[in-house]
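K.L.:
Before anything else, here's the structure in question.
The values are calculated or read from the model by the stated rules, or taken from the named source; none is laboratory data. Since the structure is predicted, the reported quantities are computational estimates derived from the model, not experimental observations. Note that we place each Cβ from the backbone using ideal geometry, even for glycine, and neighbour counts take in every protein chain shown. Only protein heavy atoms, including side chains, enter the accessible area calculation; ligands, DNA and RNA are left aside. Shrake-Rupley method; radii C 1.70, N 1.55, O 1.52, S 1.80 Å.
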Amino acid sequence: MPISLYNSLTRRTETFAPLDPQRVTMYLCGPTVYSYVHIGNARGPVVFDVLARLLRRHYPNVVYARNITDVDDKINAAALEQGVGIETIAGRFTAAYREDMAALGIAPPDMEPCATAHIAPIVTMIEKLISDGHAYAVEGHVLFDVASYPDYGKLSGRDTEELIAGARVEVAPYKKNPVDFVLWKPSTPELPGWESPWGRGRPGWHIECSAMSATHLGETIDIHAGGVDLLFPHHENEVAQSTCAHGGKTFSRWWLHNGMLTFDGRKMSKSLGNVLQLHEMLKRHPAEALRLRLMSGHYRQPLDWSDAAIAQSVSTLDGWYRVLRDLAHVAVDTAQLPVPAAIEAALCDDLNTPQALAEISVLADAARMQGTPEAKAVLLGGGALLGLLQQDPEAWFKQAGGSEVDATKVEALLEERRAARAARDFARADAIRAELSAMGVTIEDGAQGTRWSVAKT
Ligand SMILES: [Zn+2]
C-alpha cells in the first residue's frame, strides 16, 4: 500500500517515494533545551513517531534524526543567571526531554545531533555560502544574503519583495537588506563562543539544522518535519542555506508540518499564562492518554486541548484495556502481531490517525464479542503501530493520574475484606470498601474474584 503525504512544498498530497529506498531519511526540528517543553511541543514528536513506525514497515532502513538545540540566547541567559555553563542547563533539560518523550511511548530517533558538537560543519557551510556569494561577513556577524537566492519564500508562500517592504526599520545597520538573517554572531567574553574566521562567536539557530542534516542524512533528504510555526522563517531559511551551499540541489523532497495546540480554544502562550508543561502533566495524567489525545486529530489541523479532552482519552483507553483485561487468559504471540489492513490504510492516507483510532475501537468491539486469539492479536497489532495498548491492562487500571497507587496496600485491604466477608463481618467489609473508595479505588466482585481500578481524573 503506497504512503500518501501532504507536502507543504508543493501544497499537494503526493505518493511518497524515497530517493533511495534502501535509506529513507527524515529530520525533525527538536527542542531548544533551556527549560521543560510544553505539551504542544510533544505533538510533532508523537505524530512523526507514528510516521517513523509506518516508514519502518515499508522500508528496510529508515534514518530518523531529531536535533537538540543546545546553544541559544535563552540557554545562555539561563546559564548566566544560574552561574553555570550552558552544558549544565542543556544537559539537565536534554535528559528531562528524553525522559518525557519515552514516557509518551515515543521511540528514540536513530540520531539526536546537537549544535555544539557540529561547530566545524557549521563553519564550513558558512564559508561555502560566503565564497559562493550567498553570505557576507560584517562586524563579526555573517549574514545570509536573501537577494542572492531568487526562490526565497517559495516554501512558505511569501513574496520576497513584500517581505522587504514589510520589514521593520532595521536595528542592525550592518545588514544589506532587512530580511537577511544571521548565520554567525559574535560572542562577548561572558557568552559561549568558538573561534572562527570571523572571530569568536556562535552559530545562529537556522544554520545548525542545515549543517546537521547534511552531515548525517546527506545533501538531499526525503522528509523534513516540524511544527507549522517553524515554516517561516526557520524552514524557509534552512532551504535557502542548504540549497545555496549544495549547488542548487533540493534540500528536502517532502516538508511535513503539524498544526498547533490551542488551549480551551485559545492559543497557548506564555503571555496568556496557559502554557502547560509536559513534565508537569505527566505527573497528573497517564502518559498514554496524553499520547492518544495528541494523535486524536489530524496532524495538520489545530488541536484543542482541555481537561475534558484528556478525560475522554482516559475513558477511551479504559474501554480498550477492559477488553484486553477480560481477554488476559487468551494467549497471543506478541512478537508476531498482525497489522490490521484498515489501520495501515488510514495511516498511509496522510497519517490519518483519527481514522486509525476509529478502527481500533471497531477492533476492540470485535475482540470483546469474539474473544478469540486472532481478534485480540489484531487489536494489539493495530495498537503497536500507533504506539498504544502495549502495557499490561492491570497496570493501566492500577495507575492514578501519572503514577501508580500503592498496590500492596490495596491488596492488603482487599485481603482483609475477603476475610471479613468470610467471617460474615459485613460492617467491616463495607468500611474497607469505603476506605478504598476514598483512595480513588473502585472494586468489582466477579466470577474471577475481585478486580480493582483507580480513578485517573
Ligand atoms: Zn530546524
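K.L.:
Can you tell me which aspartates and glutamates have their Cα less than 19 Å from the Cα of LYS376? Leave out same-chain residues fewer than eight positions away.
P.N.:
Of all the aspartates and glutamates, those that pass the test against LYS376 - Cα under 19 Å, at least 8 places apart if same chain - are ASP318, ASP326, ASP333, GLU344, GLU359, ASP365, ASP392, GLU394.
K.L.:
Once you keep just the Cα pairs under 8 angstrom separated by 6 or more residues, what percentage relative contact order results for the stretch 86-176?
P.N.:
Numbers: 33 pairs, mean separation 12.1, N = 91.
Here the relative contact order equals 13 percent.
K.L.:
VAL84 label point, 7 Å along Cα→Cβ, cut-off 18 Å on backbone N: hits in the stretch 181-205?
P.N.:
Within reach of a label on VAL84: 191-192.
K.L.:
Please list 52-59, 415-422, 173-180 highest first by mean number of surrounding beta-carbon atoms within 10 Å per residue. Numbers along the way, then the final one.
P.N.:
Working: 52-59: 18.0, 415-422: 14.8, 173-180: 16.4.
Those peptides, ordered most packed to least, come out 52-59, 173-180, 415-422.
K.L.:
Continuing with the same structure: Using a Förster radius of 30 Å, what is the FRET efficiency between GLU435 and GLU280 based on their Cβ-Cβ separation? Nearest 0.05, please. Don't skip to the end; give the middle numbers.
P.N.:
Working: r = 29 Å, r/R0 = 0.98.
With R0 = 30 Å, the Cβ-Cβ based efficiency is 0.55.
K.L.:
Cα-Cα pairs above 16 Å in the stretch 405-457: how many percent? Can you show the working numbers first?
P.N.:
Numbers: 504 of 1378 pairs.
For the stretch 405-457, the share of Cα pairs beyond 16 Å comes to 37 percent.
K.L.:
For the chain, what does the helix formula give at 222 nm: sum of -39500 (n - 2.57) over DSSP H segments with n ≥ 4, over the residue count, nearest 500 deg cm²/dmol? Working shown, then result.
P.N.:
On the way: 16 runs with 196 residues, N = 457.
About -13500 deg cm²/dmol.
K.L.:
In percent, how large is the relative contact order of the stretch 232-360, given Cα pairs closer than 8 Å and 6 or more residues apart?
P.N.:
Numbers: 82 pairs, mean separation 30.5, N = 129.
Result for the stretch 232-360 is 24 percent.
K.L.:
How much FRET efficiency would the formula 1/(1 + (r/R0)^6) give for VAL362 and ARG23, where r is the Cβ-Cβ distance and R0 is 41 Å, rounded to 0.05?
P.N.:
0.70
K.L.:
Now for a separate question. For the stretch 1-53, what is the Kirkwood hydrodynamic radius in Å, using each pair of distinct C-alpha atoms?
P.N.:
Kirkwood radius, the stretch 1-53: 13.4 Å.
K.L.:
I want to make sure I understand the PRE zone here: with the label point 7 angstrom from the Cα of ALA107 toward its beta carbon, which residues in the stretch 25-48 have backbone N atoms less than 11 Å away?
P.N.:
Inside the label zone: nothing.
K.L.:
Moving to a separate point now. Among DSSP bridges having both ends in the stretch 25-181, what percentage is antiparallel? Round to the nearest 5.
P.N.:
Working: 5 of 12 bridges.
Of those bridges, close to 40 percent are antiparallel.
K.L.:
Need one value: the accessible area of THR32 in square angstrom, 1.4 angstrom probe, rounded to the nearest 10.
P.N.:
40
K.L.:
Here is a follow-up. For helix 426-438, what angle does its Cα long axis make with the longest principal axis of the chain, in degrees from 0 to 90 and rounded to 10?
P.N.:
10
K.L.:
Antiparallel as a % of all DSSP beta bridges within the chain, to the nearest 5? Don't skip to the end; give the middle numbers.
P.N.:
Details: 26 of 47 bridges.
If we restrict to bridges inside the chain, about 55 percent are antiparallel.
K.L.:
Considering only protein heavy atoms, with the full assembly of protein chains and a 1.4 angstrom probe, order TYR27, TYR136 by accessible area, largest first. Don't skip to the answer; put the middle values down first.
P.N.:
Numbers: TYR27 0, TYR136 25 Å².
The most accessible residue leads, giving TYR136, TYR27.
K.L.:
Work out Dmax and Rg for the stretch 166-314 from the C-alpha atoms and quote the Rg first, both in angstrom.
P.N.:
When restricted to the Cα atoms of the stretch 166-314, Rg and Dmax are 19.8, 57 Å.
K.L.:
A further question on this structure: For the stretch 122-263, what proportion of DSSP beta bridges, expressed in % and rounded to the nearest 5, is antiparallel?
P.N.:
Numbers: 11 of 17 bridges.
In the stretch 122-263, DSSP labels about 65 percent of beta bridges as antiparallel.
K.L.:
Using the 2.2 N^0.38 Å rule of thumb for compact globular proteins, work out how the stretch 1-159 stacks up: its C-alpha Rg over that value, please. List each step's numbers first, then the result.
P.N.:
Values: Rg = 18.7 Å, N = 159, 2.2 N^0.38 = 15.1 Å.
Here the answer is 1.24, to two decimals.
K.L.:
Give the angle, between 0 and 90 degrees and rounded to the nearest 10, that separates the Cα long axis of helix 119-131 from the longest principal axis of the Cα atoms of the chain.
P.N.:
Tilt relative to the chain: about 40 degrees.
K.L.:
At a 1.4 Å probe radius, carbon and sulfur cover how many percent of the accessible area of the chain?
P.N.:
Numbers: 10480 of 19900 Å².
Heavy-atom surface of the chain belonging to carbon and sulfur, 1.4 Å probe: 53 percent.
K.L.:
Find out how many positive minus negative residues lie around GLY199, taking Lys and Arg as positive, Asp and Glu as negative, among other residues whose Cβ is under 15 Å from that of GLY199. Let's see the in-between values first.
P.N.:
Numbers: positive: LYS185, ARG200, ARG202; negative: GLU127, GLU139, GLU195.
Overall, the nearby charge balance is 0.
K.L.:
Where does the stretch 130-203 land on the Kirkwood hydrodynamic radius, alpha-carbon pairs, in angstrom?
P.N.:
Values: mean 1/r = 0.0743 Å⁻¹.
13.5 Å is the Kirkwood radius here.
K.L.:
While we're on this one: Which value, in Å² rounded to 10, gives the accessible area of THR262 with a 1.4 Å probe and all protein chains present?
P.N.:
In the full protein context, THR262 sits at about 30 Å².
K.L.:
Can you pull a Stokes-Einstein diffusion coefficient for the stretch 262-382 at 37 °C (0.692 mPa s), Rh from Kirkwood over Cα pairs, as a whole number of µm²/s?
P.N.:
On the way: Rh = 15.9 Å.
It comes out at roughly 206 µm²/s.
K.L.:
Put a dot 7 Å past each Cα toward the Cβ at ASP406 and GLU195; how far apart are the dots in nm?
P.N.:
6.1
K.L.:
List, in order, the whole-Hz ³J(HN,Hα) value for each residue of the stretch 105-115 obtained from phi through the Karplus relation with A = 6.51, B = -1.76, C = 1.60 and θ = phi - 60°; use x for Gly and Pro.
P.N.:
Ordered by residue, 3J(HN,Hα) equals x, 8, 5, x, x, 5, 8, 9, x, 10, 4 Hz.
K.L.:
Counting heavy atoms of the protein chains only and a 1.4 Å probe, report the per residue accessible area for the chain as a whole number of Å². Present the calculation step by step, with values, prior to reporting the outcome.
P.N.:
Numbers: 19900 Å² over 457 residues.
It amounts to 44 Å² per residue over the chain.
K.L.:
Suppose each label sits 7 Å from its Cα in the direction of the beta carbon; what would the ALA341-ASP73 distance come out to in nanometres?
P.N.:
According to this spin-label approximation, the distance is 5.6 nm.
K.L.:
Here's something else I'd like to know. Lys and Arg at +1, Asp and Glu at -1: add these up for the other residues within a Cβ distance under 14 Å of ALA447 and post the number. Each step should come with its number before you reach the end.
P.N.:
Working: positive: ARG325, ARG451; negative: ASP326, GLU444, ASP445.
That sum, taken over residues with Cβ under 14 Å, equals -1.
K.L.:
Just the projected area, averaged over all directions, of the convex hull on the alpha carbon atoms of the chain: how many nm²? Walk me through the intermediate numbers first.
P.N.:
Working: hull surface 100.9 nm².
If you wrap the Cα atoms of the chain in a convex hull and average its projections, you get 25.2 nm².
K.L.:
Read phi for every residue in the stretch 447-456 and hand back ³J(HN,Hα) as whole Hz from Karplus 6.51 cos²θ - 1.76 cosθ + 1.60, θ = phi - 60°, with x for Gly and Pro.
P.N.:
4, 8, x, 9, 9, 9, 8, 10, 5, 9
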